Amino acid sequence: MLFQPHPDPNLRRHWYVTQIGLVLLPFSTLLGGVTLLINSFVLWAKYANQLVQNLVNQVLLMLGVWMIIIALFAQYKGYSLPGLFNFLPFFIVFVAQSRLIESPQQLRRMAWLMVLPSIAIAVIGLGQLFWGWEFHLKLLTVENPNGADSDGIILDWLVHRGGRPEGRMSSLFYYATVLASYFVTTFTLSLGLWIEAIFTRRSRGWQRWLSILGLGAIVALDGVALFLTNSRNAWGIALAACVLYAVYVGWRWVLGVVAWVVVAVLEAAYGPPPLRDWFRAIVPRIIWARINDELFLDRPIASLRATQWKFAWSMIQQRPLTGWGLRNFTPMYEAAMNYYIGHPHNLPLMLAAEMGIPATLIFYSLIGWVMFKGVMWLRESGRSWDDHYAMFSIVLTFAACSVFSLFDVPIFDARINLMGWLLLAGIWGVVLRKE
């Protein structure tokens, strides 16, 4: 059965709707995202008194009000006011869905429903790289005022032959690094489900082996797709996830394999000759030349992360308390550097520059507290291995998403943003249920 019933009859319909939204989300921001948002609004209408009773939700709502005030006094209000939509709707989803997701069994089902659509996303990505796929599939179009190609409202699948940028898989996402963030999530979850299938005894005989083989194939597919996004950030996080899972289940041999891979890649990228040449005969050039940036030697100074981080830091120094307003980094950077960039490739720096240090500290303190409570939940005894492992997998996946945001900012894609907030809501919901 694909969709799981909720143990509480009053929440059963809402849990079904959330599960449907999760399946639709990677394919349509409108169908999946709006489904989840409307469902969250309905939950708010029913359970508002309960939802505002815990401190995390209260502080998050007050932070939302503070962000609105900052946006009203921003340097570029035309950027800051729309920028609120990258946060406020997701606060609503987090608070509402944490009321809905109460058990490790729901966490496991959420993981499955995030992983299954990744099969199609990966296949489309392989098609654009190796089979020449290129199309723009739209449903209910709206004309673009600047004369560019019209966009689809319900469905808007834009697939570039060869990927975007060229040579890097982007599939149904607008850029390779955004897809990399997606596959960091699904790879970590699918790897967790595969390991669970190996150790669990919920199914036996041929059903167990079918589950192991099927999930193993998904892990391999997502891993290949993640590699083809050519994101160094994603590569490193995927390796770290493998190590942490291996430590959890006691697969010490994996640590040796990962250590050898890391040493080989670093020696091929940075080692002195002739040692470097020997390792380069083993490690593909696409890997070591990406690591040491030899593939992109002539990039403009303004396109480098170090330049963007330095500029964001200067913004923080000028307005440390209130910031310059959400999304204001982009016009200010373009005015100063004559170069357009959508964000500074570091979420904490971006938030501190745009809404000030106090608001950023509150934002990350809330997330850190939820993660801390999730880890404390894991440390408590008396739970089954399956339940403990389900929570561990979700905590690890959200941590992977958080680390990714230190080197890129994928939250401007609502699908990625929603997946992250749903993972966090799942952790918080299970913790609240225990308390």
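Scanning the stretch 149-176 for residues that are outside any loop (DSSP other than H, G, I, E, B) and among the hydrophobic types (A, V, I, L, M, F, W, C) yields Ile153, Ile154, Leu155, Trp157, Leu158, Val159, Ala176. Going residue by residue through the stretch 52-68, is there one that turns out to be modelled with pLDDT of 95 or more and in contact with a Lys or Arg (Cβ under 6 Å, 6 or more places away or on another chain)? No, the stretch 52-68 has no match at all. Suppose the filter is surrounded by 18 or more Cβ atoms within 10 Å (Cβ to Cβ), over 26 Å from Ala312 (Cα atoms) and among the polar types (S, T, N, Q); does Thr360 pass it? Against the criterion (surrounded by 18 or more Cβ atoms within 10 Å (Cβ to Cβ), over 26 Å from Ala312 (Cα atoms) and among the polar types (S, T, N, Q)), Thr360 does not qualify. Within the option set Trp209, Trp235, being more than 30 Å from Phe296 (Cα to Cα) and either modelled with pLDDT of 95 or more or over 21 Å from the mean Cα position of the chain (by Cα) (or both) holds for one residue only, Trp209. Taking the stretch 208-294 and the helices (runs of 4 or more DSSP H) fully enclosed by it, the elements with 3 or more residues that are surrounded by fewer than 17 Cβ atoms within 10 Å (Cβ to Cβ) are at 232-249, 252-270, 275-280. Scanning the stretch 381-423 for residues that are under 15 Å from Leu193 (Cα atoms) and more than 11 Å from the chain's Cα centre (by Cα) returns Trp385, Asp386, Asp387, His388, Tyr389, Ala390, Met391, Phe392, Ser393, Ile394, Val395, Leu396. For the stretch 302-311, the condition holds for at least one residue, the condition being that it is in contact with a helix residue (DSSP H, G or I) (Cβ under 8 Å, 6 or more places away or on another chain), touching a residue at least 12 places away in the same chain (Cβ under 8 Å) and more than 22 Å from Phe404 (Cβ to Cβ).
Do you know which of the residues in the stretch 320-335 that are of a type in the set (A, V, I, L, M, F, W, C) and part of a helix (DSSP H, G or I) is surrounded by the fewest Cβ atoms within 10 Å (Cβ to Cβ)? Only one residue tops the list, namely Ala335.
Looking across the stretch 205-226, just one residue is under 12 Å from Val184 (Cβ atoms) and either in contact with a Gly (Cβ under 9 Å, 6 or more places away or on another chain) or among the aromatic types (Phe, Trp, Tyr) (or both), and that is Ala225.
Would you check if Leu179 is assigned to a helix (DSSP H, G or I), out of contact with any strand residue (DSSP E or B) (no Cβ under 7 Å at 6 or more places or on another chain), buried (at least 21 other Cβ atoms within 10 Å of the Cβ) and in contact (Cβ under 8 Å) with a residue 24 or more places away in the chain? So Leu179 fits the description; yes. Of all the numbered requirements in (1) buried (at least 18 other Cβ atoms within 10 Å of the Cβ); (2) at pLDDT below 95; (3) not aliphatic (A, V, I, L, M), Asn417 misses one, and that requirement is (2). Only residues that are more than 17 Å from Cys242 (Cα to Cα) and either aliphatic (A, V, I, L, M) or modelled with pLDDT under 95 (or both) were counted in the stretch 176-206, giving 10.
Where helices (runs of 4 or more DSSP H) fall wholly inside the stretch 336-408, the ranges with 3 or more residues that are modelled with pLDDT of 95 or more, of a type in the set (A, V, I, L, M, F, W, C) and over 19 Å from Gly323 (Cβ atoms) are 357-379, 385-404.
Taken as a whole, the condition of being touching a helix residue (DSSP H, G or I) at 6+ places or on another chain (Cβ under 8 Å) and farther than 22 Å from Leu84 by Cα does not apply to Asp408.
If we keep just the residues of the stretch 140-162 that are of a type outside the set (Phe, Trp, Tyr) and modelled with pLDDT of 85 or more, which is surrounded by the most Cβ atoms within 10 Å (Cβ to Cβ)? The qualifying residue surrounded by the most Cβ atoms within 10 Å (Cβ to Cβ) is Asp156.
Give me a count of the residues in the stretch 298-313 that are in a helix (DSSP H, G or I) and exposed (fewer than 12 other Cβ atoms within 10 Å of the Cβ).
Matching residues across the stretch 298-313 total 2.
Given the criteria within 19 Å of Leu22 (Cα to Cα) and either of a type outside the set (Ser, Thr, Tyr) or buried (at least 19 other Cβ atoms within 10 Å of the Cβ) (or both), does Pro410 qualify? In short, yes.
Does Val56 qualify as being surrounded by 20 or more Cβ atoms within 10 Å (Cβ to Cβ) and under 22 Å from the mean Cα position of the chain (by Cα)? Considered against the rule, which asks whether it is surrounded by 20 or more Cβ atoms within 10 Å (Cβ to Cβ) and under 22 Å from the mean Cα position of the chain (by Cα), Val56 comes out as no.
The values are calculated or read from the model by the stated rules, or taken from the named source; none is laboratory data. Being a predicted model, the structure only gives us computed values, none of them experimental. Please note: Cβ atoms are built from the backbone with ideal geometry, for glycine as well, and neighbour counts cover all protein chains shown.
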